[in-house]
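Down below is the structure, laid out as structure tokens.
The values are calculated or read from the model by the stated rules, or taken from the named source; none is laboratory data. Predicted model, so just to flag it, every value in this text is computed and none were measured. All Cβ positions, even for glycine, are placed from backbone atoms using ideal geometry, and neighbour counts span all protein chains on display. Accessible surface is based on the protein model in full, side chains and every heavy atom, while ligands, DNA and RNA are left aside. Shrake-Rupley method; radii C 1.70, N 1.55, O 1.52, S 1.80 Å.
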Amino acid sequence: MQKIRKHRFRTFSDYSKKFNPKTFSKVEMGSLTGSIAWNEKGPSIHVHGVATDDQFNAFGGHILSLHVGTGSMEVYVTLNDQKLDRKIEQPLNANVLQLNCKQ
């Protein structure tokens with residue numbers, strides 16, 4: 001079990017077209033999922049997560065930062081046989097995973 005000392009999420013607002021960050025403290029991670037890809041600057045990590053508080057309320061979104069307070073955190077990485085790339089796309093200025101989807 002790990003206790004997260006400080007966790008910062010962000011969610012996207014369709015109305016304002018902006019990301020809204022929020023910081024949570026004293027939560028426990030319930031789930032992490034994402035990808036490690038490459039962009040012109042190097043590795044690009046994109047992770048979503050869900051954390052819960054001591055009342056079992058759940059909070060989730062894009063993870064901006066995460067600080068493990070007590071215990072440890074286990075992270076498993078699955079390797080792909082192809083390199084994953086990300087590229088900035090407009091109009092949102094988003095760092096989008098580039099997938100070669102052949103039909």
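Summary table
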| quantity | calculated |
| --- | --- |
| Top-ranked residue in the range 2-31 [being closer than 19 Å to residue 94 by Cα and open to solvent by less than 40 Å² (accessible area, probe 1.4 Å); ranked as modelled with the highest pLDDT] | 9 |
| Residue within the range 61-80 that is closer than 20 Å to residue 99 by Cβ, loosely packed, with under 12 Cβ neighbours inside 10 Å and of a type in the set (Val, Ile, Thr) present | yes |
| Qualifying positions in the range 43-60 - under 20 Å from residue 23 (Cα atoms) and open to solvent by less than 50 Å² (accessible area, probe 1.4 Å) | 47, 49, 51, 52, 53, 60 |
| Residues of the range 8-25 satisfying the condition of being within 22 Å of residue 74 (Cβ to Cβ) and touching a residue at least 40 places away in the same chain (Cβ under 8 Å) | 8, 9 |
| Within the range 32-42, tally of residues that are polar (S, T, N, Q), open to solvent by less than 80 Å² (accessible area, probe 1.4 Å) and in contact with a His (Cβ under 6 Å, 6 or more places away or on another chain) | 1 |
